[in-house]
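Single-structure report; data block below.
The values are calculated or read from the model by the stated rules, or taken from the named source; none is laboratory data. Bear in mind that the values here come from a model prediction, so they are computed numbers and not experimental data. Note that we place each Cβ from the backbone using ideal geometry, even for glycine, and neighbour counts take in every protein chain shown.
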Amino acid sequence: MPAGRGALLSVFKRSAYGLIGVVCLVLGLALAATAVMIGLAIGDAPERFDRRTVAVVAEIVQTGGGGPHGGRTEVEVSYEADGRRITTRLPGASGQGLSTGDRVEVFYRSDEPGRVSTEADEEPLGLGTGIAVIAAVVVMSALPFTACWGLFAVAAGKRKSFLSV
């Protein structure tokens with residue numbers, strides 16, 4: 001192989017390592033920013049539900065189906081909010097044990113009458129859960145930063161290979 005061609009391939013190879021290193025750097029920065037955003041949100045309590053009413057179970061809806069866990073049962077309720085008729089589904093497993101025509105007390109926010117809960121308060125993300133999530137994101141961002149360092153070292157010619165020690 002001519003000397004010029006080998007040098008050109010070396011430049012392309014080093015440029016590719018540099019470009020992949022930049023991608024890893026951006027990924028690491030995005031994950032680190034995510035950890036910061038989660039950290040800032042810890043302890044933020046969601047807005048309280050300020051209204052309540054009695055809703056009527058309009059329909060029991062079976063979703064999904066096959067598989068080892070079977071389908072999911074969702075409960076559709078209907079109620080009056082600010083002079084309008086609202087029909088929505090209860091979140092999660094809130095409606096287990098209900099039948100069509102049953103009455104259930106629901107809570108909603110005056111600015112979001114279509115979003116209901118069967119409990120007056122929502123729990124904010126707990127401190128322990130938040131710290132665990134932040135730790136996991138920080139650990140995940142360490143991998144792209146480490147890869148970025150190795151790729152930049154190869155691109156700068158300080159190492160011959162990304163995998164060499």
* **So ARG72, is it in contact with a strand residue (DSSP E or B) (Cβ under 6 Å, 6 or more places away or on another chain), over 24 Å from ARG48 (Cβ atoms) and modelled with pLDDT under 80** => yes
* To do: Run down GLY128, GLY157 and say which single residue is within 23 Å of the chain's Cα centre (by Cα), of a type outside the set (A, V, I, L, M), surrounded by fewer than 11 Cβ atoms within 10 Å (Cβ to Cβ) and at pLDDT below 80.
  => GLY128
* Go through SER110, SER94 for me and flag whichever is among the hydroxyl-bearing types (Ser, Thr, Tyr), modelled with pLDDT under 80 and not assigned by TED's automatic domain parsing to the domain that holds GLY39. => SER94
